[in-house]
Amino acid sequence: MFRPVVALVALTLSSAVWSAEQCSVDIHGTDQMTYDLKTITVPKSCKTFTVNLLHPGTLPKNVMGHNWVLAKQEDMKEVIDDGAKAGEANDYIQPGDKRVLAHTRLIGGGEKDSTTITTATLKAGDHYAFFCSYPFHSTMMTGTLTVGG
Ligand code: CU
């Protein structure tokens, strides 16, 4: 007799959790030089969107460091080239680079870092590139971020 009420409460709770989770995503950068996501969709309803980068590996950041960098597709190559010149001391990102829309710091195995994007700074329907700017990693570690409906 009480079962329908319990089911309704459970449904309400799970949908509340779900809508909160939609405004963030976890992405893993591994010892195998991969991300576990190739696409990220930011719901338009999110004012901000948080990307949590986790490194489940064991290699240190000077060997297998990863970051998560967001830029327009057409800026990706130059951001990476200038990041390589800036070096590990700058997390392979040129300080003050305006083409970088968001980024985490460079992390090694067992570490994590997050970055939060203000959704209004991104254009709906545009395709943005995310990538690791550690030298040569973007050949494997890259994907597309889109602002969805
Ligand atoms: Cu990397």
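No value in this document is a laboratory result; all are computed from the given coordinates. Values in this document were obtained by computation on a predicted structure and should not be read as measured data. Backbone-built Cβ (ideal geometry, glycine too); neighbour counts: all protein chains shown.
Return the pairs, sorted by first residue and then second, in which the second residue is in a loop (DSSP other than H, G, I, E, B) and surrounded by 15 or more Cβ atoms within 10 Å (Cβ to Cβ), the first residue lies in the range 21-34 and is on the phi > 0 side of the Ramachandran plot, the beta carbons are less than 7 Å apart, and the residues are 6+ apart or on different chains.
MET33/MET141
So, in the range 74-93, exactly how many residues are closer than 16 Å to THR139 by Cα and in contact with a Ser or Thr (Cβ under 8 Å, 6 or more places away or on another chain)?
6
Take TYR134 and decide whether it is farther than 27 Å from PRO43 by Cα, in contact with a Leu (Cβ under 9 Å, 6 or more places away or on another chain), buried (at least 17 other Cβ atoms within 10 Å of the Cβ) and not basic (Lys, Arg).
Yes, satisfied.
Could you give me the residue pairs with C-beta distances under 9 Å whose first residue belongs to the range 94-110 and is farther than 18 Å from THR142 by Cα, whose second residue is assigned to a strand (DSSP E or B) wherever it lies, and which are 6+ apart or on separate chains?
Pairs that qualify, where the first residue is farther than 18 Å from THR142 by Cα and the partner is assigned to a strand (DSSP E or B), are ASP97/ALA71; ASP97/HIS103.
Anything in the range 38-57 that is buried (at least 17 other Cβ atoms within 10 Å of the Cβ), in contact (Cβ under 8 Å) with a residue 60 or more places away in the chain and touching a Gly at 6+ places or on another chain (Cβ under 9 Å)? List them, or say none.
Matches in the range 38-57: ILE40, VAL42, LEU53.
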